[in-house]
1. Roughly how tilted is helix A:16-33, in degrees to the nearest 10 and between 0 and 90, from the longest Cα axis of chain A?
2. DSSP loop trypsin sites (Lys or Arg not before Pro) in the stretch A:114-158 with at most 15 other Cβ atoms within 10 Å of their Cβ, which ones?
3. Sum up the lysine pairs in the stretch A:159-307 that clear both bars: alpha-carbon distance under 19 Å and a spacing of 8 or more or different chains.
4. Quick check: pseudo-label points 7 Å beyond the Cα along Cα→Cβ at residue A:237 and residue B:285, how many nm apart are they?
5. Threshold 20 Å², probe 1.4 Å: give the residues of the stretch B:297-313, in number order, that are less accessible with all protein chains present than with their chain alone.
6. Which one, B:183, B:170, B:217, is farthest towards the positive end of the dipole of the stretch B:170-258 when Lys and Arg carry +1 and Asp and Glu -1 on their Cβ?
7. Counting other Cβ atoms within 10 Å, which GluC sites (Glu not before Pro) in the stretch A:174-276 have at most 11 and lie in a DSSP loop?
8. Extending each Cα 7 Å along its Cβ direction at residue A:275 and residue B:14, get the distance between those two points in nm, one decimal.
Amino acid sequence: MGTGVKHLLDFQGWSVEALQGILDTADVMKEVLERPVKKVPALQGITVCTAFFENSTRTRTSFELAARRMSADVLTFAAGASSLSKGESLRDTIETLNAYKVDAFIVRHHASGAAHQVAKFSGKSTINAGDGRRAHPTQALLDAYTMLKEFGRIEGLKVTIVGDILHSRVARSNAELLDLLGADVTLCGPATLLPKELAKGRVKVTTDLQAAVKDADVVMSLRLQQERMNGGFLPSMSEYALTYQVNEKLLERAKDHAIVLHPGPMNRDLEISGSLADSARSRIIAQVEYGQAIRMSVLYHLLVGKK
Amino acid sequence: MLEIKNIKRAGSDTLESLFIEEGKIKGWNLSETATDTIDGKGATVAPALIELHAHLREPGQEQKEDLASGLAAAAAGGYGTVVSMPNTSPVVDDPAIVASLIQKAEKLGFARLKPSAALTRGQKGETLADLSALKDAGAVMFTDDGRTNENANVLRRGMEYASGLGLLVSVHAEDATLRQDGVMNEGVVSHELGLPGNPAAAEAARVARDVEIALLTGARLHIQHLSTGRALEIVRQGKKAGAPVTCEVCPHHLTLTDEALRSFDALYKVAPPLRTQTDAELLLAGLLDGTVDCLATDHAPHTQAEKEKDLLEAPFGIPSIEVAFPLMYTHLVKTGKLSLEKLLDLFTAGCAKVMAWEVPTLEEGAVADVVLLDLDNAKAVDPKAFKSKAKFSPWAGEELYGWPVLTLVAGKVAFQG
């Protein structure tokens, strides 16, 4: 297969061509998902382990279904019910799972870098399904794919990501990927949640939401984590909603064809107005649908022919 | 009487002989016949190094390190004297613990142990420990190292009280409310990696407060492991203003930066964190201009399993007591940034002056704490061969010069390589 890369931990070391390959193959996978029998034998004989050390229903379900639809065997590991609560280390857990002859790990963890450690400890192909604040590469790929389906291109698109940038792996991965693919990315949020150090390449950061959304092709709202309130990052939820909510009025500043994305789960009427989320501009459900095609494509590129 | 022959004094190429009798230096190049002879094979001789900041983990965390492994590691690193930190389990805030540590260490025959004790009970920063009784038991310094003395008034009273006993207080100067849950330097790298950052200002702000307390009280204050150029500048200004402040810098802050965290390896997780290249350069400038009084390792051993945890959970600390001198010699002296004499001063006399101890020499009558250093041959860092229980190192595999080949403590062999 064409990526030449063993892991998808973030986009470091990935070429534009390899990433394009994943986006292209997602078209094929999307077609598979539209068939009456949504299953292909591409990963027959391959065992994929979803090692989720942090709660996630959507991402885990999406990955597991993607793997099963390609005929892989899936070993599901959820940390809550595991020996981790008995004090076992990440390394021991991974080595134990590895002993079941797993071919690839799909990892979700609360600590940035944990997916890198799993790749190191297991020696197996590892896909990062979200680590701490660091990276969520398949989310970024499905977001890029959603833009590609909408506009037929990524290059030159103006993408504005709004919300808690500081704690967001989705923002980091999107900024990294979209910059590589030639989009102009603006990260926007209150100053307490916006590291100015993330400005790099075509990626800009600003606290001025009105300016950030002007002429945007894509506006992505991020989930505001309620627990951030305890960290003193924000005066109040209502203050946040007043200043940084993505809603219809704000979208008037964007291009007429602008679409709205959200990685979910949403806090309706907090970071995004419920009516906008349900409007014709919203591609939030399409993101979920495309997510499965993207994850099938990633598994295909990383695992087929690698055994 | 012991003769160590074929050794060179720092800065000289002449091969000489040093004579030692009853734990003291007897003299140089004597015509007397020794009962024992050690061939130094051209090594450079210096007073044994002094460590003001080592975590030996006993009592309570012997799985990480104990007195035997830690003091053997210190001797292998060329150290004759080690000041241990009190953040053990239980905390060293009881005179009986101080006495028992000293008693045990004396029997071991490795480096000499000089325990520090907690400034406050349980290192909680609330009530002063029994400082006088702790001193009587043998404690040489008071510190809540590992904790950050959030209550300025408790620190003030502690410094005043310790000053009355003739001892100093050392501090881990970091504002915990600014540090928050930071696991690495706050900056470009932490934001890119999505790891919680600890801003340089957390150190500078606290150093500024503590320098003011030193000016207020006139009591001696030692600031541990400075990691930022900004905090160092505040110390520089404080010294100019007459504050009785001293400070130390650690080898890892001079040789590593936050870029190392891109590996996501918790081996590089240390408190205070690895900072930027600019900080490392400013710290080096502080060594050169005398703002930095001494080098200390902050030797912080942990188990391998603990260091293999994720970056949020893994403990802070780098074990470094066995490589500190070769590391500094190779990085600073071999590269021409610092003279050998200055480096030795930072590892010996500088430390003694901080503690108001007699400055070590190799002159007749001095205590025979001696180290021989092989400055000519490189050897790779091999953590598996460490005497420390922590058999991992950020410098594993790196070829270094300046390895200790012999350490004598009071004339007795504590380490022979």
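1. Around 80 degrees separate the two axes.
2. Those that pass, being in a loop and sparsely packed, are A:153.
3. 5
4. Spacing of the two 7 Å Cα→Cβ label points: 4.9 nm.
5. B:308, B:309, B:310, B:312
6. The one lying farthest along the dipole's positive direction is B:217.
7. A:252
8. Between residue A:275 and residue B:14, the simple spin-label model gives 9.5 nm.
The values are calculated or read from the model by the stated rules, or taken from the named source; none is laboratory data. Keep in mind that this is a model prediction, so the values were computed, not measured. Positions of Cβ are generated from backbone atoms using ideal geometry, with glycine treated the same way; all protein chains shown enter the neighbour counts. Side chains included, ligands, DNA and RNA excluded: accessible areas come from the protein's heavy atoms. Shrake-Rupley method; radii C 1.70, N 1.55, O 1.52, S 1.80 Å.
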